[in-house]
Structures are given as structure tokens and as C-alpha cells.
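Student: Handing you this structure, nothing more for now.
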Amino acid sequence: MDIGLKIKNLRNYLNLTQEELADRCELSKGFISQLEHNKVSPSIDNLEMILEVLGISISDFFKEEENENIIYSYNEQNDKICDKYIKTWLIPVSQKKMMEPILVELDIGAVTEFDAPHVGEEFGYVVEGEIEVVYGNNKYVCKTGDSFYFESKYEHHLINISKNKSKVIWVSCPPTF
């Protein structure tokens, strides 16, 4: 286990500088720097103090990290065929994650189901075609290469206004699809 790297990653995750971590632990910035570069080893007392500031217990710190799958193949994706469009869940376990990316392929004139207002945010990127984003009482046109982003506080859906099929990467946070 690379103790220095793990401490550095936790510090960065908390947006702390080496100096801020050192001040909170009553250590020197130089010591934190050397620790993160594995040039010194901390005493048990120093390690306990550092981990307390970083908000992690010693037992959790030394737990081996699970080898989490971060790559998902095409074969793992799930499709839902709707009226004139297909939704493909790009990450099969996304309902358990903070974001839910899907690929929406809309036939000519297709309209996605209306999504009711909910807590969260939506992001979309038009891979191909031209769509209309209906957000509350407003309508916005997005062409290939355009993107949209909004809070999900109004009813929303997509309409393919292209003369061909349109494809959109749509990410909902938290998952709602």
C-alpha cells in the first residue's frame, strides 16, 4: 500500500492544501510533503491525527480497495424500446450511482416520455441530428455538437425535429430513468 499517495488523494478529495492539513495536525508542511512522497513514515500518533483530520478511521484507511469495475462493454448495456425511440443504459449499474448516462436514439418525429419535475440536474449532448428540448413552457433547439444542461424543476422531454434519426447522450443526476 502506498500510504503517502493514499493520504495525498484523501487530502485532495477534501480540497485541502498540504499547508492546511499540516496546520490542522500541528505538523510542518514539509513533513506532509515528504510523507506524500514516501520519503518519511509517520508515527502512529501522527498517522492517527492526520487520518482524523481527513475523516477516516485507521481500519478504513488500511482496508484494501475493491477492484471496482470502471469499464463497461457494449454487451452489458440494456435497451428499452419505446414508441419511435430506444433508450440504452450505458452503465448497467447506474441506478446505484450518482449519475445515469443513457443514449437516446430518436426516429423522425419521436417524442420521449415526459419527465416530471424532480430534484436533480440533466445534461445532454446531441451526437447526431437535431432535437428540441422542451423544458417547462420553453423550447430550445439543439443540433449535432450542442449540449443542454438544466435543473430538473420543470417537466421536460425531447423531440426529434431532424429529417433523420437523432442520437443524444443524456445524463440524469441523480438517476431517474
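Throughout, read-outs are computed from the coordinates displayed, never taken from laboratory work. Bear in mind the structure is a predicted one, so any value in this text is a computation, not a measurement.
Student: On C-alpha positions alone, give me the angle between the axis of helix 3-13 and the longest principal axis of the chain, in degrees, nearest 10.
Tutor: The two axes meet at around 50 degrees.
Student: On to the next question. Return one quarter of the surface area of the convex hull spanned by the alpha-carbon atoms of the stretch 95-173, equal to its mean projected area, in nm².
Tutor: So the mean shadow area of the Cα hull is 4.7 nm².
Student: Find how many whole Å separate the alpha carbon centroid of the stretch 40-77 from the alpha carbon centroid of the stretch 103-140.
Tutor: 39 Å
Student: Considering the values (i) 42, 33, 28; (ii) 67, 35, 26; (iii) 50, 33, 26, which represents Cα extents along the principal axes in Å as calculated for the structure under consideration?
Tutor: (ii)
Student: Another question, then. Just from its helices, what would the mean residue ellipticity at 222 nm be for the chain, if runs of 4 or more DSSP H residues each count -39500 (n - 2.57) and the sum is divided by every residue, rounded to the nearest 500 deg cm²/dmol?
Tutor: -6500 deg cm²/dmol
Student: Find, to one decimal place in angstroms, the Kirkwood hydrodynamic radius of the stretch 1-60, where the mean of 1/r is taken over every pair of different Cα atoms and then inverted.
Tutor: 11.2 Å
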